[in-house]
1. Looking only at the stretch 1-54, how many residues end up being under 30 Å from Val72 (Cα atoms), modelled with pLDDT of 70 or more and basic (Lys, Arg)?
2. Across the stretch 129-178, which residue is nearest to Val87 (Cα to Cα) among those that are of a type in the set (Lys, Arg) and at pLDDT below 90?
3. Examine the stretch 55-63 for a residue that is part of a strand (DSSP E or B) and without any contact (Cβ under 8 Å) to a residue 12 or more places away in the chain, and state whether such a residue exists.
Amino acid sequence: MGWEDELFALFDDLEDQAGALFAAERDLEVADRSRAEYQQVGLAGRLMASVGAEVTLGVLGVGNVAGTVERVADGWLLLASGDHDWVVALAAVSTVEGASARSVPAVAWSPFARLGLASALRRIAEAREPCLLHLRDGSRLDGVLHRIGADFCELVAGEGRRTLLVAFSALAAARSHR
């Protein structure tokens, strides 16, 4: 082997080493960017990608609730579970099992997904059907939703038809009786 062949072999070897170093550095940069981007993913985005999937939610004051994610919106989700529909406040969700590995960024959500918890509760109130409100402290209130305010709802409860104001901040979930 002549000196020219040795020189070309050295250049090939150096080029291979440079390519391997570049690939390793690129892999580290991609992994770093993935971590940085993932910190922008919210729970609602993961649940939005799980619409149609069977999940089990751990809900404060309720426990585990299993069902199909029907809709996700600003601050709440709709879960179909057997004979009941659950409107669950996202702030009361402590765990999720069975969620999609993907996520949907908020900019890709439909305009309807921007409707808040009050909108979901208004639909229940308009139906005038009995529902069960689960509070984050574990207590439950049975009655009919009457009116929905900015940050509370009115529940007409009991045989005495007393009206209770329930703050959204205390509400974990509302369960319909379908």
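The values are calculated or read from the model by the stated rules, or taken from the named source; none is laboratory data. Since the structure is predicted, the reported quantities are computational estimates derived from the model, not experimental observations. Here the Cβ positions follow ideal geometry from the backbone for every residue, glycine too, while neighbour counts run over all protein chains shown.
1. Matching residues across the stretch 1-54 total 1.
2. As a first pass, look at the stretch 129-178 and keep what is of a type in the set (Lys, Arg): 136, 140, 147, 161-162, 175, 178.
Restricting the remaining residues to those that are at pLDDT below 90 gives 161, 178.
Values: Arg161: 23, Arg178: 13 Å.
The qualifying residue nearest to Val87 (Cα to Cα) is Arg178.
3. Applying the first criterion (part of a strand (DSSP E or B)) to the stretch 55-63 yields 55-59, 63.
Among the residues that remain, those that are also without any contact (Cβ under 8 Å) to a residue 12 or more places away in the chain are: 63.
Among the residues of the stretch 55-63, at least one is part of a strand (DSSP E or B) and without any contact (Cβ under 8 Å) to a residue 12 or more places away in the chain, which makes the answer yes.
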